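Q: This is the structure I have questions about; it appears just below.
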Amino acid sequence: MALLLVGVIVALQVPAVQNFVTQKAIAFVSGKTHSEVRLGEINIAFPKSIVLKDLFLEDLNHDTLFYVHRLSVDIDMLKLLSNKIELNKIDIEKLTAHITRSMPDSSFNFDFIINAFSPADSVTTLPSDTSQKSAWKFAIGAIELKELFLTFADETAGSNMNFKIGNFKTRFKVFDPDAKKFHIKNISLSKSDFSIVQTQTSLNTDTSSLAIEYDVDVNELDLTTINLLFQTPAQKISVQIGKAGLTADKIDLPKQQLDLKKFSLTDSKIEFAINKVITADTIAQKTKEAVTQAPTKQQTKPWNVSLNTLALKGNVVVFNNFNADTIRGIDFNHLRLSGIEADIHDIHYNEKEILATIREFKLADKSGFEIRHFEAKVTYDSMHAELANLDLETSESRLRKHISISYPSIQHIADSIGNLRIDADLDHIVVGLGDVLLFQPDLAEQINSAGLLAERVELNAKINGAVKDLHIPLFELSASKNTFLTFRGNVKGLPDAANSHFDIILSEFSTTKADVRSLIKPGVLPENIEIPDKLSLSGFFKGYLKNFNGKADVKTSFGNAIAEVAMRTAENYDAAINIDHFDRGQLLRQPETMGAVTLKAKIIGSGLSLETAKGKINLAIEQAVFRNYNYQHITANGNFTGSSFEGNATANDPNLALNFDGLLNFDKQAPY
């Protein structure tokens, strides 16, 4: 038997014998299948290689079923004697295969080959023992493919697949089908196109059959000039890869663990579109059903992913939901994000947390919104989210330093806003109105109605504590050139503002006439009001919105004023007002009629409208200019309502002597 095998092997080294055997085999296959079969050349170099050239197989419609220009297999033939198939390398060049499945019988165009070699009579066979591994050992060392074109037109399932492979190379470290273990040293793929087009819509969300049973590990992946298309009546996903690379320490799919060194993506484009045949509500409902269905063992196993470096450059992402109309500003249903760049390190993801150090991130949306620079150390887990070392710069805004929030659980944030803890340290941040309007374009009408013209504001702030017990050690806001707001304080009781206690100290609010004119459009303020060249305000507010103590110290180029108010429940109040040489004539643009006034007033009353106002007033006017004369020493003491005064008034001025004790009625509807 051994001599016979040796004789066959030696004979097959002779080209004439190889040609004879080839032609006999071709004639046999052609006769059995009733189709054209051609083979240009076969070369068997024992014990190392088998080379086929120009193998052609035609289907029964006289179309190309299969063609390969060159198929080379580097095989250790001697190991066949010990039940081992070791393919050191497979080289395939210029392969074409066209598979079809047609209605009404769901037949494939290669069924005739199977039928030709099937036994004529049905034979009952005993089921094999699948518990035992195969007696044969099968291994592959490397695969190299050039210029492959594969198609599958499935009329039954309503899909068309087209795969064009330009260049593909891979080397295996381990190839063990019995153990379902495939460890790959490297994969290189370039100049390739893959498309799957389905004409029938499927919304099946059952993933219970997607258990990962294979041990697949890839150390290096290199992709260049790759086009991917997946299209259904409901959606379209298109990916154009300029260059992509992946290096990994370990990929363990059964354990759902990925330890990756670096992933890079350059000059690539990803497009996702939802077509009108399926609505976003339908997708949301299907997603909800998938999430709320009883979890399977595979669904509950957590992923653990680490990536040392993520590098993106020159990429584009496009999303369109064609069920939604376009809107102004940033349209989250119609996005085009271009110039996407990223340099992100130390990425970790598992069921408990997400960590990353963002050194650079850039993008620009078609709306005009642009992230020019973003860096931060990102932490997110079930009870905490943080942006440390933050520096975010857009075309109009900048956000810097540190923001952290903590919460009892992510699922109950909305139900317990008061327990949400904030720790924010914002250093000279800038908020541009243009950015705000891109996210909230409807605000443009409100801002225009309010007459605001501010293009940007700057902010320094430190805020910490739970929302229900908030501490604000520093809050500094500036706009235009000389407008500043500075305060500090504590707030207890939020988010219920009506029942919250405020303890706010206003250190400074200051502005100028020039700033007011640059911040508020003409016509908003009454025409008979003149803005002081300089204006500043300081004071405090302590208490509830309807029960508080407050003070306002106003200084202007027209004069100064101080007001202290104690507001109690049921609109009861106690107020003291001091006005020091305030030129009301300049304020009201009537300098020829009135001028500066200095007075002190003490008011105890209730009611905040003319209909409900009543109380007691003590008024002392030290001086008041009227028609270029400075009246002095005028007093009034008595009770008032919204339409009357009852009490006494005196004037002790060289040109005015007054001693009044009585009732004054200001009600034009019912005078008396």
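Q: Would you mind finding the one in 324, 311 that is touching a residue at least 12 places away in the same chain (Cβ under 8 Å), outside any strand (DSSP E or B), of a type in the set (A, V, I, L, M) and open to solvent by less than 30 Å² (accessible area, probe 1.4 Å)?
A: Residue meeting the stated conditions: 324.
Q: Please indicate, with yes or no, whether at least one residue in the range 502-518 is assigned to a strand (DSSP E or B), basic (Lys, Arg) and open to solvent by 70 Å² or more (accessible area, probe 1.4 Å).
A: no
Q: Another question, if that's okay. How about the range 236-264: which of its residues are among the charged types (D, E, K, R) and closer than 29 Å to residue 319 by Cβ?
A: The answer is 236, 243, 262.
Q: Limited to the range 595-618, what total is found for residues that are touching a Leu at 6+ places or on another chain (Cβ under 7 Å) and closer than 20 Å to residue 655 by Cα?
A: Within the range 595-618, residues that are touching a Leu at 6+ places or on another chain (Cβ under 7 Å) and closer than 20 Å to residue 655 by Cα number 1.
Q: Of all residues in the range 375-408, how many are surrounded by 17 or more Cβ atoms within 10 Å (Cβ to Cβ), touching a Ser or Thr at 6+ places or on another chain (Cβ under 8 Å) and part of a loop (DSSP other than H, G, I, E, B)?
A: The total comes to 1.
Q: Between a residue in the range 58-77 that is without any contact (Cβ under 8 Å) to a residue 60 or more places away in the chain and closer than 16 Å to residue 26 by Cα and any residue that is of a type in the set (Asp, Glu) and not in a strand (DSSP E or B), which pairs come within a Cβ distance under 6 Å, given they are 6 or more apart or on different chains?
A: Qualifying pairs under 6 Å: 58/36; 65/59.
Q: Go over the candidates 28, 20 one by one and state the one that is at pLDDT 80 or above, out of contact with any strand residue (DSSP E or B) (no Cβ under 8 Å at 6 or more places or on another chain) and aromatic (Phe, Trp, Tyr).
A: Answer to the selection: 28.
Q: What are the residues in the range 643-657 that are of a type outside the set (S, T, N, Q) and open to solvent by less than 80 Å² (accessible area, probe 1.4 Å), if any?
A: 645, 647, 649, 651, 653, 656, listed by residue number.
Q: Return the total of residues in the range 410-425 being assigned to a helix (DSSP H, G or I), open to solvent by 70 Å² or more (accessible area, probe 1.4 Å) and over 12 Å from residue 383 (Cβ atoms).
A: 0
Q: Related question: Which of the residues belonging to the range 35-66 are closer than 22 Å to residue 151 by Cβ and not in a loop (DSSP other than H, G, I, E, B)?
A: Once the filter is applied, which keeps residues that are closer than 22 Å to residue 151 by Cβ and not in a loop (DSSP other than H, G, I, E, B), the range 35-66 yields 37, 38, 52, 54, 55, 56, 57, 58, 64, 65, 66.
Q: Answer with yes or no whether residue 522 is in contact with a Phe, Trp or Tyr (Cβ under 7 Å, 6 or more places away or on another chain) and not in a strand (DSSP E or B).
A: no
Q: Taking the condition β-branched (Val, Ile, Thr), surrounded by fewer than 17 Cβ atoms within 10 Å (Cβ to Cβ) and out of contact with any Pro (no Cβ under 9 Å at 6 or more places or on another chain), does residue 347 pass?
A: No; evaluated as a whole, the condition is false for this residue.
Q: Among what's in the range 467-503 and is touching a residue at least 40 places away in the same chain (Cβ under 8 Å) and of a type in the set (S, T, N, Q), pick the residue that is nearest to residue 532 (Cα to Cα).
A: Restricting to residues being touching a residue at least 40 places away in the same chain (Cβ under 8 Å) and of a type in the set (S, T, N, Q), the top hit is 500.
Q: Here is a further query. Give the range 253-268 a look and list any residue that's open to solvent by 20 Å² or more (accessible area, probe 1.4 Å) and not basic (Lys, Arg), or say none.
A: The answer is 253, 254, 257, 258, 259, 260, 263, 264, 265, 266, 267.
To keep it simple, each residue is scored yes or no on (1) within 27 Å of residue 341 (Cα to Cα); (2) more than 20 Å from the chain's Cα centre (by Cα); (3) of a type outside the set (Ser, Thr, Tyr).
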{"position": "364", "(1), (2), (3)": "yes, no, yes"}
{"position": "372", "(1), (2), (3)": "yes, no, yes"}
{"position": "375", "(1), (2), (3)": "yes, no, yes"}
{"position": "378", "(1), (2), (3)": "yes, no, yes"}
{"position": "381", "(1), (2), (3)": "yes, no, yes"}
{"position": "390", "(1), (2), (3)": "yes, no, yes"}
{"position": "394", "(1), (2), (3)": "yes, no, no"}
{"position": "407", "(1), (2), (3)": "no, yes, no"}
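Q: Can you tell me which residues in the range 546-601 are of a type in the set (Lys, Arg) and crowded, with 16+ Cβ neighbours inside 10 Å?
A: 551, 555, 584, 600
Q: Quick one: what pairs do we get from the range 428-439, first residue over 13 Å from residue 398 (Cα atoms), second modelled with pLDDT under 90 and open to solvent by 50 Å² or more (accessible area, probe 1.4 Å), C-beta under 7 Å, 6+ apart or different chains?
A: 437/443
Q: Follow-up. Looking at the range 621-642 only, could you name the residues that are touching a strand residue (DSSP E or B) at 6+ places or on another chain (Cβ under 7 Å), among the polar types (S, T, N, Q) and open to solvent by 40 Å² or more (accessible area, probe 1.4 Å)?
A: 630, 632, 635, 637, 639, 641
Q: For the range 59-107, give me each residue that is open to solvent by 70 Å² or more (accessible area, probe 1.4 Å) and at positive phi.
A: Residues satisfying the conditions are 62, 94.
Q: Now a separate question. Scan the range 235-256 for residues that are out of contact with any Asp or Glu (no Cβ under 9 Å at 6 or more places or on another chain) and modelled with pLDDT of 90 or more and report the count.
A: 1
Q: In the range 305-357, how many residues are hydroxyl-bearing (Ser, Thr, Tyr), farther than 30 Å from residue 254 by Cα and under 18 Å from the mean Cα position of the chain (by Cα)?
A: Matching residues across the range 305-357 total 1.
Each row is one residue, and each column tells you yes or no for (1) outside any strand (DSSP E or B); (2) open to solvent by 40 Å² or more (accessible area, probe 1.4 Å); (3) at pLDDT 85 or above.
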{"residue": "127", "(1), (2), (3)": "yes, yes, no"}
{"residue": "131", "(1), (2), (3)": "yes, yes, no"}
{"residue": "162", "(1), (2), (3)": "no, yes, yes"}
{"residue": "170", "(1), (2), (3)": "no, no, yes"}
{"residue": "185", "(1), (2), (3)": "no, yes, yes"}
{"residue": "202", "(1), (2), (3)": "yes, yes, no"}
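Q: Being at pLDDT 95 or above, within 30 Å of residue 323 (Cβ to Cβ) and open to solvent by less than 70 Å² (accessible area, probe 1.4 Å) is the requirement here; does residue 338 meet it?
A: Taking the combined requirement at face value, the residue satisfies it.
Q: Just name the residue that is modelled with the lowest pLDDT out of those in the range 212-227 that are over 12 Å from residue 165 (Cα atoms) and among the aliphatic types (A, V, I, L, M).
A: Applying the filter and picking the extreme gives 212.
Q: I'd like the full set of residues that are over 20 Å from residue 237 (Cβ atoms), in a strand (DSSP E or B) and of a type in the set (D, E, K, R), limited to the range 146-160.
A: Result: 146, 147.
Q: Follow-up. Please pick out the residue among 516, 524, 554, 491 that is closer than 30 Å to residue 604 by Cβ and within 45 Å of the chain's Cα centre (by Cα).
A: 491 is the lone residue from the list that is closer than 30 Å to residue 604 by Cβ and within 45 Å of the chain's Cα centre (by Cα).
Q: Tally time: how many residues in the range 434-449 are at pLDDT below 85 and open to solvent by less than 50 Å² (accessible area, probe 1.4 Å)?
A: Number satisfying all stated conditions: 3.
Q: Something else about it: Of the residues that sit in the range 525-545 and are among the charged types (D, E, K, R) and in a strand (DSSP E or B), which one is most open to solvent (accessible area, probe 1.4 Å)?
A: It comes out as 534.
The values are calculated or read from the model by the stated rules, or taken from the named source; none is laboratory data. Please read these numbers as outputs of a predicted model, since none were measured by experiment. Don't worry about glycine lacking a Cβ; one is built from the backbone with ideal geometry, like all the others, and counts go over all protein chains shown. Surface areas here come from the heavy atoms of the whole protein model, side chains and all, with no ligands, DNA or RNA. Shrake-Rupley method; radii C 1.70, N 1.55, O 1.52, S 1.80 Å.
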